[in-house]
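J.: Here it is: the structure, laid out below.
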Amino acid sequence: MITLTCTRQHADYAMVTIFRYQALWRQTQLINVKDYPKASGEYLTVRLFNCLLAEVEYMFDKKLDIRNPNKIGNSCGKINIKMSHAQGIAFYRMLLTLPLTADDIYLLQIRNHWIEILDQQILKM
């Protein structure tokens, strides 16, 4: 089990930045293998990563519970996202490929912090 601990502000910011990119990344990966046979290893690997990343996004969404206005008041707390090893590795790989500009220092810090946490826990496996 991999646990990603972060502040609610980081998770909120990730929902509007990282996960927007993640949706585009998943779509692009499917477009890249659209001509492959459905039973090929490359196609199935892309589908597997897309499913794992969708589950990670759902975990963040569930923890933040944006649709519940009663939970928004706790904006300064920490949240723990518990992922399987496969979900953690898929999210780690996606974070490594996240294109960022040097101007977005806040997002760079969040991404680097999450990569560091995931890296330490993946290496412990």
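J.: Taking only protein heavy atoms and a 1.4 Å probe, what accessible area per residue, in Å², does the chain have with all protein chains in place? Spell out each step's value before the answer.
T.: On the way: 7500 Å² over 125 residues.
Per residue, the chain has an accessible area of 60 Å².
J.: Report the Stokes-Einstein translational diffusion coefficient (µm² s⁻¹, integer) for the chain, Rh taken as the Kirkwood radius over Cα pairs, at 37 °C with viscosity 0.692 mPa s.
T.: Result for D is 213 µm²/s.
J.: Toward the positive end of the charge dipole of the chain, about the Cα centre and with charges on Cβ (Lys, Arg +1; Asp, Glu -1), which of I105, L48, V33 goes farthest?
T.: L48
J.: Also, quick follow-up: Per DSSP helix of 4 or more residues, -39500 (n - 2.57); summed, then divided by the residues of the chain. What does that give at 222 nm, rounded to the nearest 500?
T.: Calculated at 222 nm, the ellipticity per residue is -21000 deg cm²/dmol.
J.: Between T5 and L100, what length comes free when the chain is fully extended (0.36 nm per residue of separation minus the Cα-Cα distance, one decimal in nm)?
T.: Gain on stretching T5 to L100: 32.0 nm.
J.: Next up: Taking the Cα centre of the chain as origin and charging only Cβ (+1 Lys, Arg; -1 Asp, Glu), how large is the dipole, in debye to the nearest 20?
T.: Details: 15 positive and 11 negative charges, 75 e Å.
Taking the Cα centre of the chain as origin, the dipole is about 360 debye.
J.: A further question follows. What number, in percent, do you get for the relative contact order of the chain if the mean sequence gap of Cα pairs under 8 Å and at least 6 apart is divided by its residue count?
T.: It rounds to 41 percent for the chain.
J.: So for each of 77-86, 29-38, 44-53 I average, over its residues, the number of other beta carbons within 10 Å; can you give me the resulting order with the highest mean first?
T.: Averaged packing, sorted descending, gives the order 44-53, 77-86, 29-38.
J.: How many nm separate the modelled label positions at V16 and L123, each set 7 Å beyond the Cα in the direction of the Cβ?
T.: Calculated label separation equals 3.4 nm.
J.: So, with a 1.4 angstrom probe, what is the percent of accessible area on the chain that is carbon and sulfur?
T.: Here it works out to 57 percent.
J.: What is the calculated FRET efficiency for N32 to H113, with r their C-beta to C-beta distance and R₀ = 25 Å, to the nearest 0.05? It would help to have the intermediate numbers written out before the result.
T.: Working: r = 29 Å, r/R0 = 1.17.
For R0 = 25 Å, the calculated efficiency reads 0.30.
The values are calculated or read from the model by the stated rules, or taken from the named source; none is laboratory data. Only a predicted model underlies this, so the values are computations on that prediction, with no experimental measurement involved. Heads up, the Cβs are rebuilt from the backbone with ideal geometry, glycines too, and the neighbour counts pull from every protein chain shown. SASA here: full protein model, heavy atoms, side chains in, ligands and nucleic acids out. Shrake-Rupley method; radii C 1.70, N 1.55, O 1.52, S 1.80 Å.
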